[in-house]
1. Six or more apart or on different chains, Cβ under 6 Å: which pairs go from a residue in the stretch 125-151 that's closer than 29 Å to Phe274 by Cβ and touching a residue at least 60 places away in the same chain (Cβ under 8 Å) to one that's β-branched (Val, Ile, Thr) and more than 16 Å from the ligand (Cβ to nearest atom)? Could you list them?
2. Within the stretch 30-65, restricting attention to residues that are of a type in the set (Asp, Glu) and touching a Lys or Arg at 6+ places or on another chain (Cβ under 8 Å), which residue is farthest from Ser260 (Cα to Cα)?
3. Considering only residues that are of a type outside the set (Lys, Arg) and surrounded by 15 or more Cβ atoms within 10 Å (Cβ to Cβ), look in the stretch 241-250 and name the one that is nearest to the ligand (Cβ to nearest atom).
4. Check Cys238 against each of (1) within 28 Å of Pro169 (Cβ to Cβ); (2) within 11 Å of the ligand (Cβ to nearest atom) and name the one condition it does not meet.
5. Just for the stretch 217-230: of the residues that are outside any loop (DSSP other than H, G, I, E, B) and under 21 Å from the mean Cα position of the chain (by Cα), which one is nearest to the ligand (Cβ to nearest atom)?
6. Assess whether Tyr135 counts as being modelled with pLDDT of 95 or more, farther than 19 Å from Glu291 by Cα and within 16 Å of the ligand (Cβ to nearest atom).
7. Of the residues that make up the stretch 119-132, is at least one of a type in the set (S, T, N, Q), within 16 Å of the ligand (Cβ to nearest atom) and not in a strand (DSSP E or B)?
Amino acid sequence: ESLPVFQVKVNEWTSEKYFDVLGMKIPVFVAPNPKLLSDVISNFQTRAEDVFVVTYPKSGTIWMQETIWQIYNNGENTSKNIFERVPFLEFSTSPILGEFADIAKVPSPRLMKSHLSYSIIPKGSSDGAKCKYIYIARNPKDVAVSYFHFTVSLASFGNGYNGPWEIFPMLYCISLTVGWNKWNDHVLGWWKHKDDPNVLFLKYEDLKKDLPSQVRLTANFLNKPLSEDIINRITEQCSFNGMTKDLSRYMVHVNESQTSILRKGVVGDWKNSFTPELNERFEKEVLSKIEGTRLEFDFEL
Ligand code: A3P
């Protein structure tokens, strides 16, 4: 029996377990067999038609998963669960999702989700086929709040954090105790590749500001130009209200429990939770890391 490489015991509230997979901390419930996941990633044969939606968790992954699925399906709206339509690469080795475990067998075009860093995401194949990556970045204060609520909801089935909000943002940004490593390393790793022809770097806040233009940009990047009618339909169906009409599509099921990924869907929710002291620390310890990179975020709209 292999034991988790990291076991984070912050205090009496939490005991989160992670495996180290190719240098990334991945929660044990996502990848119960780290050797298998590491092999899947290392041997992954990309195809030219593959599309990965990539994010640091809580940055709008499901939003873009739904959007690209609708782009490929001409604005169709379906009640099928999103993880069956756009599977999660790291989760693919978990027996929980056994029925679509073998992504290698999925016919093209494969639409997939991943939280992997640029350095380890599958990039190659024996015939040199390149695939496409759509990266979504979100302002880290809202990411921290969204991550907190999500991980608290996971705690009820033993894989989350059950402590107070006050210490959570510090774990997340400084002590490296959440999955997929640090926000700033993740975002900057992808930001360096924003001009690569097979990378589209988008921001959550821009999706909120002008969804139709971001849908159009994404469709063109995917070589799927759409009529304005279909763009309008996708925009309506992929707005927060459109998506919350049928939440069962976006439920994460783990064992007997389930939690919805859609919560508030706004820019600036951090203001309801950040104290002035926390804000100051966050500016100093997280935002200073992206200074000078020309990567900027809206913190309110
Ligand atoms: P909040 O917790 O701030 O509401 P991910 O899919 O990467 O886990 O990201 C989840 C976050 O994206 C949640 O943020 C969720 O509400 C938000 N989200 C999902 N769909 C959205 C949509 N259509 N419009 C706006 N926000 C959306």
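The values are calculated or read from the model by the stated rules, or taken from the named source; none is laboratory data. Quick caveat: nothing in here was measured; it's all calculated off a predicted structure. Virtual Cβ from ideal backbone geometry, glycine too; neighbours counted across all protein chains shown.
1. Listed pairs, sorted by first residue: Pro140/Val286.
2. The residue in question is Glu49.
3. Met243
4. Among (1) within 28 Å of Pro169 (Cβ to Cβ); (2) within 11 Å of the ligand (Cβ to nearest atom), Cys238 violates only (1).
5. So the residue we want is Thr218.
6. yes
7. No: zero hits.
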